[in-house]
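Reviewing the structure listed below.
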Amino acid sequence: MKFKLAIVILLVFSFSCKEKETAVADNKKEISTSQEHPKLILTAQGVKDIRAQLGNVPIFDKTLEKVKEEIDAEIALGIETPIPLDYSGGYTHVRHKRNMIVLQKAGVLYQILDDEKYAKYVKDMLMQYEEMYKTLPLHPKTRSYARGKLFWQCLNDSNWLVYVSQAYDCVYNYLSEEERTKLEENLFKPFADHISVDSPQFYQRVHNHSTWGNAAVGMIGLVMDDQELIDRALYGIKDLKLDTKAKDDDGGFLNKDGKAGFLANIEEPFSPDGYYNEGPYYQRYAMYPFLIFAEGLHNVKPELKIFEYKDGVLLKSINALLNLSDADGDFFPLNDGQKGMSYYTSALVTAVDISYHFGGQDPGLLSIASAQDRVLLDDSGLAVALGVKDGKAEQFNKKSINLSDGPEGTQGGVAILRNKDVELVFKYAAQGSSHGHYDKLSYSLYEKGDEVIQDYGLARFVNIEQKGGGNYLKENKTWAKQTIAHNTVTQNETSHFTGKYEIGSKHHSVLNYFSSENEAVQVASAKEDNAYPGTEMLRTMAIIKDEDFEKPYVLDIMKVTSNKANKYDFPYYFLGQVVETNFDYKVPKSLTTLGDKNGYQHLFVEGTAKASSDNSKLSWLNKGRFYTLTSVTSTNDELLFTRIGANDPEFNLRREAALMLRRKNTKNTLFVSAIEAHGSYSPVTESAINSNSAIKELKVVLDEEKYTAIEIINVNGNTKLFITVNADASKETKHNVKINDKNYEWSGSYYFK
């Protein structure tokens, strides 16, 4: 590979060393800043800068060589543009998806290496698409609410145009005026019209789908210098009325109060902190069109100052998104999120590079770029590569953070508590558009990037054709979105907001307080009083680092106040092998389901018990580490071992376990638990170290409207007291509480000592 790269560099430098007069006369594609193209993402000046640095920037040179090998192999295979037939994962879908990426990369190689074979390849493929598109009908698959032509949905058509517009920009000057006219009139303009004017139910929205559509129309408009398309991208289609009763695949209304266009898609979904309301999985997906179109606008229409729009939220959002990943860089699977998606995806290479280049060159981003081990082959990628080469990289420091939700930051949020290797994700956000789940005040827990208490994520095998065409499965609605699939309270076997989007989208949880100043005690507390009419839930979660414990532990306090008696189910979706319980349970001879709807139909009951003491304990082993759940219980509480997978004949769901605490015929109640990470087990040495819980007892010593107090007593008899403020929890407020004839005074949201 080094030999090949040396040849590439030699060819480029040989060209630059020709006599000046010969170069100008013989090479009509000579790059100068006065030329119009490329201008979108890779700029004319950027090409000059890149050529001057070739061979001197290792991460850029390595990326260039890999891309060159990849595209050379594609060119050797020849061009194929098949008639569209398939859903996601099918051959024609994959081929056209591959073509868009290959076109973009080939265009970049043409500019950087000045090798005409790449421009010819791009031109020849575009001409094949031009010939096909002129007579191409709607895609034959009819599932989508907005069918594309190359793909089964307009979303994928938009993906294609976002990438291909970059390729067109790179070969623009290589093509004759006649060729450009042919492509623009028969391919690009009709393509842009189809995903916008012809598909308003797709385009005129505030949603990640329409963001891709806006970017596609706008980027091709920038390349063609078509102001009508640029305006359509920024502001949506004017004077267009939509059927507000029409719904998308997930039940979301297609018209969002008439708001549409790229700017509306920045204003509405992003909070001032940069949190994207659909969750990190879809934020990752949407960041590419957001940032790549923004970069194009910055380069071509700098007067718009797009990176300053809404107080610079696009660049802020990258920091938020990186903080929404675990120790391994995997994004937390809030809402519809596929596990394993991480900041190593190409969209986050784009995000990191653009953020570094346009956002003040944060050295922490360089450490992530180094881990990604590749950069964009453009101006921003060169800036990152130079920063890495010059040794400017610093560790990206993830700390406890509270990210507000909603366009004004007033619709709840997501709190991430971090203490040493333990990370807790506490969700008290708004609905999250059509990709939201019905899981108010839910959480998930991680140690060293491994799930301890898990969130299920989505029910979908993305781009695996055999599984529902790679699309959302029916179990996403019947299981993954339902409340019982999450680590929060379900009341009367009914999901929050009865599982209805139009109700859930009207409400959000409210922050009680967030505190991360004390390194030893990190706390988040929030209220929800709309999930069930007449019921208020207040949950307070803390990660506590105590010298009496090997590792930080989690304290979980869920206070439920209702105007009537209910049945409450409180699951803990633990991952790993059961080691020990302090209660006796019965295992049924045959499996039955826990219920028949709202997700309960997907749960097998594998064990039943009655709580036999004031504390019920479950210990388990996962990935060489021990964990113990200690819950405050009464003898009326039921304990259920459940497993996901009932009524799932196609095995679409993962067969994972939970311990569920069930409390019947109860009006007001308090769920209190602690989760400890402790010890280790080595299968090599076959040794178990510190495999027992360090908690002797959890006790509720006070529970009233304003305060709840919990004692944590360890096995050595040492006692700590945690008091949380349930109302008026500002940092400045002074409190005085008497517990067991002793006064406790403090200022702030909680007390711990």
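Within a Cβ distance under 14 Å of Asn743, other residues only, what is the Lys/Arg minus Asp/Glu net charge?
For residues surrounding Asn743, the net value is +2.
Based on Cβ point charges of +1 for Lys and Arg and -1 for Asp and Glu, what charge dipole magnitude is obtained for the chain about its Cα centre, in debye rounded to the nearest 20?
Values: 88 positive and 103 negative charges, 323 e Å.
Around 1560 debye, computed over the chain.
So which DSSP H runs in the chain come out at 20 Å plus along the axis (Cα) with average Kyte-Doolittle of at least -1.0?
Once both thresholds are applied, what remains is 2-16, 58-77, 91-113, 154-171, 208-224, 280-300, 309-323.
Is the shape of the chain best called rounded, prolate or oblate, per the rule: a/c under 1.5 gives rounded, else a/b larger than b/c gives prolate, else oblate, with a ≥ b ≥ c the square roots of the Cα gyration tensor eigenvalues? Show your work: numbers first, answer last.
Details: a/c = 2.14, a/b = 1.83, b/c = 1.17.
Here the chain falls in the prolate category.
Taking the simple approach of a point 7 Å from Cα along Cα-to-Cβ for both Asp49 and Lys731, what is their distance in nm?
3.9
Considering amide H positions built from the backbone, and no H for Pro or chain starts, which residues 5 or more places from Ser400, or on another chain, come under 5 Å of its amide H?
Here the answer is Arg418, since their amide H atoms fall under 5 Å of that of Ser400.
Return the aspartates and glutamates within reach of Lys427: Cα separation strictly under 14 angstrom, same-chain partners fewer than 8 residues apart disregarded; answer none if there are no such residues.
Straight-line reach from Lys427, under 14 Å: Glu278, Asp336, Asp405, Asp439, Asp455, Glu528, Asp556.
Quick one: which residues, 5 or more positions from Val701 or on another chain, have an amide H under 5 Å from its amide H? H modelled 1.01 Å from N in the peptide plane, none for Pro or chain starts.
Placed amide hydrogens put Ala709, Ile710, Glu711 under 5 Å from Val701.
Check the straight Cα-Cα distances from Lys617 and name the lysines below 17 Å, setting aside those fewer than 8 residues away within the same chain.
Cross-link targets: Lys586, Lys696, Lys699.
In whole Hz and in residue order, list the ³J(HN,Hα) couplings for the range 619-631 that follow from phi through the Karplus curve 6.51 cos²θ - 1.76 cosθ + 1.60, θ = phi - 60°; x for Gly and Pro.
For the range 619-631, the Karplus-derived couplings read 10, 9, 10, 9, 6, x, 10, 9, 9, 9, 9, 10, 10 Hz, x marking Gly and Pro.
Find, among the trypsin sites (Lys or Arg not before Pro) in the range 404-489, those assigned to loop by DSSP (not H, G, I, E, B) with at most 12 other beta-carbon atoms within 10 angstrom.
Passing sites in the range 404-489 are Lys474.
Quick check on the chain: helices-only [θ] at 222 nm, where DSSP H runs of length 4 and up contribute -39,500 (n - 2.57) each and the sum goes over total residues. Nearest 500, please. Don't skip to the end; give the middle numbers.
Details: 19 runs with 235 residues, N = 753.
Calculated at 222 nm, the ellipticity per residue is -10000 deg cm²/dmol.
Under 25 Å Cα-Cα from Lys467, which lysines qualify once same-chain neighbours fewer than 8 residues away are excluded?
Within the straight-line cut-off, Lys467 pairs with Lys97, Lys141, Lys149, Lys247, Lys339, Lys477, Lys481, Lys597.
Determine ³J(HN,Hα), in whole Hz, for all residues of the range 569-581 in sequence, where each value follows from phi through the Karplus function 6.51 cos²θ - 1.76 cosθ + 1.60 and θ = phi - 60°; x replaces Gly and Pro.
Whole-Hz 3J(HN,Hα) from phi for the range 569-581: 10, 9, x, 10, 8, 7, 10, x, 9, 4, 9, 6, 10.
Among the listed pairs Lys527/Lys706; Lys667/Lys738; Lys66/Lys392; Lys440/Lys623; Lys551/Lys734, give every one whose C-alpha distance is greater than 19 Å.
With Cα atoms farther than 19 Å apart: Lys667/Lys738; Lys66/Lys392; Lys440/Lys623; Lys551/Lys734.
What order do you get for Val300, Val352, Val122 when you list them from fewest to most C-beta neighbours inside 10 Å? Walk me through the numbers before you get to the answer.
On the way: Val300 20, Val352 30, Val122 25.
With the fewest neighbours first, Val300, Val352, Val122 line up as Val300, Val122, Val352.
What list of ³J(HN,Hα) couplings, whole Hz, do you get for the range 640-649 from phi and the Karplus terms 6.51, -1.76, 1.60, once you set θ to phi - 60° and write x for glycine and proline?
With coefficients 6.51, -1.76 and 1.60, one gets 10, 8, 10, 9, 5, x, 6, 6, 9, x Hz.
Quick one: putting +1 on the C-beta of Lys and Arg, -1 on the C-beta of Asp and Glu, what dipole do you get for the range 79-268 around its Cα centre, in Debye to the nearest 20?
About 720 debye.
We did not get these values from a lab; they are worked out from the coordinates using the rules stated. Predicted, not measured: the structure shown is a model, and the values here were computed from it. Ideal geometry is used to build each Cβ from the backbone, glycine not excepted, and the neighbour counts take in all protein chains shown.
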